Amino acid sequence: MKLHTLKPAAGSTKTNKRLGRGQGSGGSTAGRGHKGAQSRSGYHKKIGFEGGQMPLQRRIPKFGFKNNNKIYFKSVNLDTLELLAQKTKASAISVKVMIENGIVGKNDKVKVLGRGELKSKVNVEAHAFSDTATKAIETAGGTATKI
């Protein structure tokens with residue numbers, strides 16, 4: 001067996017019929033049936049169109065509310081800050097340090113939450129703090145600064 005002798009199994013491949021290319025290519029309608037929008041060139045069915053039946057997105061009721069003024073915070077816990085403090089050996093942890101270490105994204109607002117323990121004395125800078133997080137940071141000897 002050689003690479004240049006390889007061929008697909010007999011009957012496994014078919015050539016596509018070139019519709020609309022002369023007399024022997026499926027007649028005058030080229031497989032599109034007679035008349036109507038689908039038979040014409042440039043036909044495009046609207047997204048979600050269900051043949052005139054009321055589409056799903058219109059059958060299902062609207063509900064809920066999206067508050068455009070809500071501020072979404074990315075939460076960072078004390079145990080994460082402890083690991084970061086040990087890794088970087090920095091006395092101050094700002095949002096910039098968290099972004100550089102991949103903890104938060106560059107457009108995220110950061111809220112520090114109180115899960116875990118903080119043993120190292122660190123000055124933390126973030127957009128918001130929970131009460132337990134502030135207490136824990138201050139007990140460890142650091143400061144919690146809001147941006």
Any hit, segment 97-107, residues being surrounded by fewer than 10 Cβ atoms within 10 Å (Cβ to Cβ) and of a type in the set (Val, Ile, Thr): no
Qualifying residue in segment 126-144 (condition: under 13 Å from LEU84 (Cα atoms) and either of a type in the set (Val, Ile, Thr) or surrounded by 14 or more Cβ atoms within 10 Å (Cβ to Cβ) (or both)): no
Residues of segment 1-26 satisfying the condition of being in contact with a Leu (Cβ under 8 Å, 6 or more places away or on another chain) and exposed (fewer than 10 other Cβ atoms within 10 Å of the Cβ): none
Test: residue in segment 38-54 that is part of a helix (DSSP H, G or I) and not aromatic (Phe, Trp, Tyr): yes
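Could you tell me whether any residue of segment 53-73 is aliphatic (A, V, I, L, M), exposed (fewer than 10 other Cβ atoms within 10 Å of the Cβ) and within 30 Å of GLY26 (Cα to Cα)?
Start the filter on segment 53-73 by keeping residues that are aliphatic (A, V, I, L, M), which leaves 54, 56, 60, 71.
Among the residues that remain, those that are also exposed (fewer than 10 other Cβ atoms within 10 Å of the Cβ) are: 54, 56, 60, 71.
With within 30 Å of GLY26 (Cα to Cα) added as a condition, the list becomes none.
There is no residue in segment 53-73 that is aliphatic (A, V, I, L, M), exposed (fewer than 10 other Cβ atoms within 10 Å of the Cβ) and within 30 Å of GLY26 (Cα to Cα).
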Qualifying residue in segment 42-51 (condition: under 30 Å from ALA128 (Cα atoms) and within 27 Å of the chain's Cα centre (by Cα)): no
Verdict on ALA10 being at pLDDT 90 or above and either closer than 30 Å to ARG59 by Cα or assigned to a loop (DSSP other than H, G, I, E, B) (or both): yes
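A quick yes/no check of all residues on (1) of a type in the set (A, V, I, L, M, F, W, C); (2) out of contact with any Lys or Arg (no Cβ under 7 Å at 6 or more places or on another chain); (3) farther than 30 Å from SER130 by Cβ:
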{"residue": "ALA9", "(1), (2), (3)": "yes, yes, yes"}
{"residue": "ALA30", "(1), (2), (3)": "yes, yes, yes"}
{"residue": "ASN68", "(1), (2), (3)": "no, yes, no"}
{"residue": "LYS89", "(1), (2), (3)": "no, yes, no"}
{"residue": "ILE99", "(1), (2), (3)": "yes, no, no"}
Residue list for segment 13-37, filter: in a loop (DSSP other than H, G, I, E, B), closer than 27 Å to GLY51 by Cβ and within 44 Å of the chain's Cα centre (by Cα): LYS17, LEU19, GLY20, ALA30, GLY31, ARG32, GLY33, LYS35, GLY36
Those residues of segment 58-70 which are under 21 Å from the mean Cα position of the chain (by Cα) and either under 21 Å from LYS106 (Cα atoms) or not in a loop (DSSP other than H, G, I, E, B) (or both), in sequence order: ASN68, LYS70
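The values are calculated or read from the model by the stated rules, or taken from the named source; none is laboratory data. Everything numeric here is computed off the predicted structure, so don't read it as measured data. Backbone-built Cβ (ideal geometry, glycine too); neighbour counts: all protein chains shown.
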